[in-house]
Each structure stands twice: as C-alpha cells, then as structure tokens.
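Dumping the structure here so I can ask a few things about it.
The values are calculated or read from the model by the stated rules, or taken from the named source; none is laboratory data. Please read all numbers here as calculations on a predicted model, not as lab measurements. Ideal geometry is used to build each Cβ from the backbone, glycine not excepted, and the neighbour counts take in all protein chains shown. Remember, those area values only see protein heavy atoms, side chains included, never the ligands or the DNA or RNA. Shrake-Rupley method; radii C 1.70, N 1.55, O 1.52, S 1.80 Å.
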Amino acid sequence: MKKIAVVEDEVYMREELCNMLQKDGYLVEAITEFEDAAQLLAALRPDLVILDLNLPEISGFQICQELKNKTAIPVLVLTSRDQVKDELQAFQLGADEYLTKPCRKDRLLARVSNILKRYEGRTNLIEGLDFLLDQQTYTLYIHNTSVVLPKNQGKLLVALLASGDALVTTEQLCLALWGTTEYIDENALQVNLTRLKKTMSGLEMKQRIVAVRGMGYRLEAEVSP
C-alpha cells in the first residue's frame, strides 16, 4: 500500500484530503508540525508528499527545497497560490506537480496516481543537485547516462547526500565505509574521498566535497567561475 504524507495546516482541508486518499486505498500520514517537516518527512519516507505552501512557522517552498536536497521523494504542491511565479519557483525547487485550490477530487487523484507510477521502482534513489544515486547498486544517473560507482565511493556519497547540507563527521563516514568506528584509518578514508572527488569532477557534477577542518565533510554546490 502506497503511503502519502499530507502537509496542510487548515484542519478541514487536511481532514478532507486524508479521508479522500484513504478511501482511494492509500495509507495517509498527516504532518501537523511544520518547522521540522522536512526532517520528519525524510524519516517517514512516504511514497508521495502533498504540500501546501502557506504554512505557519515555515514556507512550503523551504520544506520542498530541504526535502528535495535530502531525498528523491516526489512532491505534489496543492495550494491556493495561483501566480505563475509561485508555480515556477516550486518547480525550480524540485516539485513534481502543482495544483491550485479548489481542485476537483478526480483531478487530484489522477495526478497522485500519475506521480506514483512515474516513481515506481525509484524508492532506492537519493537525489543530488543534478543527479540521482541508487543506494543499493550505487548507480549514478547524470547527464542522461549512468555510471556504477565503486562500492566505497558509493557508500561515501550516500552518507554525504543523506545529511543534506549538514556536516558529516569522520566517524560517520568511517561507519558508512566499514561498519565500525573502533578503528579510524584517516589515510584510508582520505584515499577513498580523493577517488570520489576525482569521479565527481570527471562527471562535472554540480556538487563538491568540502572539508571542515577538525570536524568533518559536507557537500556544497559547485560555484561557477
């Protein structure tokens, strides 16, 4: 059964959406804490997020951006904002669909079904700025081609992507590589990171690995010259 998360602050609308989706055979989770919604959604791992833009404490745009930076979970924006600039901004941040309220039930359900079909089989994928990475096979999809990363490079890239913009410590990277932090081999870690950096540079990826002295590493967007 597909799981859909509904991020909507208006109680009546949220209940109506949840009931409609449940009657159509979906498992539904309502998100009512909005400030940390992206983190909650990343942990929940639904098959689809239905997201309002006008939320208290935080903008739906920010939630969409944070979620898409961490995951490949599809996002359907359902909002009363009907300006073209809002729709374009949502798509630029990674939204998969944009519908305005009020929306016919059959139209919404059709869009939900279409998105889920498009993402069928993509549950193992994690998304970067301009690429997707399969977390099981370490297959990297970029520039209309695919590359299978060596196992250690794949493990490191998954760990870095899963953290979003947050710092990943040396211990966390060692755990991702070798399953333990009992013995940290800085030299071996550096060798694997150097190889991954070379691969990313060769593929002209829009993200790079940046070291934070004495703390760890994180992914940052590549700055154009």
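Roughly to the nearest percent, how much of the accessible area of the chain is carbon and sulfur, given a 1.4 Å probe?
Carbon-and-sulfur percentage of accessible area, whole number: 47.
Further question: Could you tell me the largest-minus-smallest coordinate of the C-alpha atoms of segment 17-170 on each of the three principal axes, in descending order and whole angstroms?
Between the extreme Cα coordinates on each principal axis of segment 17-170 lie 48, 32, 29 Å.
Still on this structure: Please figure out what share of the DSSP beta bridges in the chain is antiparallel and state it in percent, rounded to the nearest 5.
The antiparallel proportion sits near 55 percent.
Per residue Cα convex hull volume for segment 89-225, in cubic angstrom? Write down the numbers at each step before the final one.
On the way: hull volume 20.3 nm³, N = 137.
It comes to 148 Å³ per residue, whole-number rounded.
With the convex hull built on the Cα atoms of segment 68-138, state its orientation-averaged projected area in nm².
It is 5.2 nm².
Additional query: Towards the positive end of the charge dipole of segment 14-158, with charges on Cβ (+1 Lys, Arg; -1 Asp, Glu), say which of Leu140, Gln92, Leu48 has the farthest Cα.
Ranked along the dipole, the leading option is Leu140.
Okay, moving on. With a cut-off of 8 Å between alpha carbons and a minimum separation of six or more residues, what is the relative contact order of the chain in percent?
13
Also, I was wondering about something else. Would you mind calculating the relative contact order of segment 1-115 from Cα pairs under 8 angstrom and at least 6 residues apart, reporting the percent as a whole number? All intermediate terms of the calculation are to be shown ahead of the outcome.
On the way: 178 pairs, mean separation 25.9, N = 115.
Once normalised by length, the contact order is 23 percent.
What residues qualify as long-range amide H neighbours of Ala72, i.e. H under 5 Å apart, gap of 5 or more or another chain, H built at 1.01 Å from N?
Result for Ala72 returns Glu127.
Then there is this: Going down the table (Lys23/Lys70; Lys23/Lys68; Lys3/Lys70; Lys68/Lys105; Lys3/Lys105; Lys155/Lys197), which pairs top 20 Å between alpha carbons?
Result: Lys23/Lys70; Lys23/Lys68; Lys68/Lys105 exceed 20 Å.
Turning to a different aspect of this structure: If packing is taken as the average number of other Cβ atoms within 10 Å across a peptide's residues, how do 45-56, 15-26, 158-169 rank, most packed first? Could the numbers behind the result be given before it?
Values: 45-56: 19.7, 15-26: 15.0, 158-169: 17.0.
Per-residue Cβ counts within 10 Å, averaged per peptide and sorted highest first, yield 45-56, 158-169, 15-26.
Applying a 10 Å radius around every beta-carbon, put 126-132, 71-77 in order of their mean neighbour count, most first.
The most tightly packed comes first, giving 71-77, 126-132.
Positive end of the dipole of the chain, charges at C-beta (+1 Lys, Arg; -1 Asp, Glu), about the Cα centre: which of Leu173, Leu78, Gly60 has its Cα farthest in that direction?
Leu173
Same structure, new question: Which three extents, in whole angstrom, do the alpha-carbon atoms of segment 19-74 cover along their principal axes, largest first?
30, 23, 14
What is the antiparallel percent of DSSP beta bridges lying wholly in segment 27-154, to the nearest 5?
Just about 60 percent of them are antiparallel.
Let me ask something else about it. Once Rh is set to the Kirkwood radius over Cα pairs, what Stokes-Einstein translational diffusion coefficient, in µm²/s, holds for segment 34-115 at a temperature of 4 °C and a viscosity of 1.567 mPa s?
Translational D for this selection: 101 µm²/s.
State to the nearest 20 debye the size of the charge dipole of the chain about its Cα centre, where the only charges are +1 on K and R beta carbons and -1 on D and E beta carbons. All intermediate terms of the calculation are to be shown ahead of the outcome.
Numbers: 26 positive and 32 negative charges, 170 e Å.
Charge dipole, the chain, about its Cα centre: 820 debye, nearest 20.
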